[in-house]
Amino acid sequence: MALDESNDQDQTEEQGGFTFCINKDLLAQVQGVKIDLTYMGFAVEPTVPLAAPEGGSACGSCSSGCGGN
């Protein structure tokens, strides 16, 4: 999750005075997301998780916090 301006490829929705945007193709794959505030920050959970790429993890390029570090 990051601050960004929406563009033509995004779906936007306003909730609680905040406007959220997500790429339309990604939204079609995950079919929605749930955003929660935890003691460690925001948790973003897709309705349908993305499949991990062959030989890799779905974690991608995250730095700390992945893999139980």
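Here are the numbers for the structure shown:
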read-out	value
Residues within segment 23-38 that are in a loop (DSSP other than H, G, I, E, B) and either surrounded by fewer than 10 Cβ atoms within 10 Å (Cβ to Cβ) or over 14 Å from the mean Cα position of the chain (by Cα) (or both), tallied	1
Any pair with Cβ under 7 angstrom, 6 or more apart, that starts in segment 1-16 at a residue that is at negative phi and ends at one that is basic (Lys, Arg) and surrounded by 10 or more Cβ atoms within 10 Å (Cβ to Cβ)	GLN9/LYS24; ASP10/LYS24; GLN11/LYS24
Residues (over 15 Å from the mean Cα position of the chain (by Cα) and either at pLDDT below 90 or not aliphatic (A, V, I, L, M) (or both)) located in segment 39-64	TYR39, PRO53, GLU54, GLY55, GLY56, SER57, SER63, SER64
Conditions (1) part of a strand (DSSP E or B); (2) exposed (fewer than 10 other Cβ atoms within 10 Å of the Cβ); number of the one not met by PHE20	(2)
Pick from segment 1-17, criterion in a loop (DSSP other than H, G, I, E, B) and of a type in the set (D, E, K, R), ranking: farthest from GLU45 (Cα to Cα)	ASP8
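The values are calculated or read from the model by the stated rules, or taken from the named source; none is laboratory data. Values in this document were obtained by computation on a predicted structure and should not be read as measured data. Using ideal geometry, Cβ is built from the backbone for each residue, glycine included, and neighbour counts are taken over all protein chains shown.
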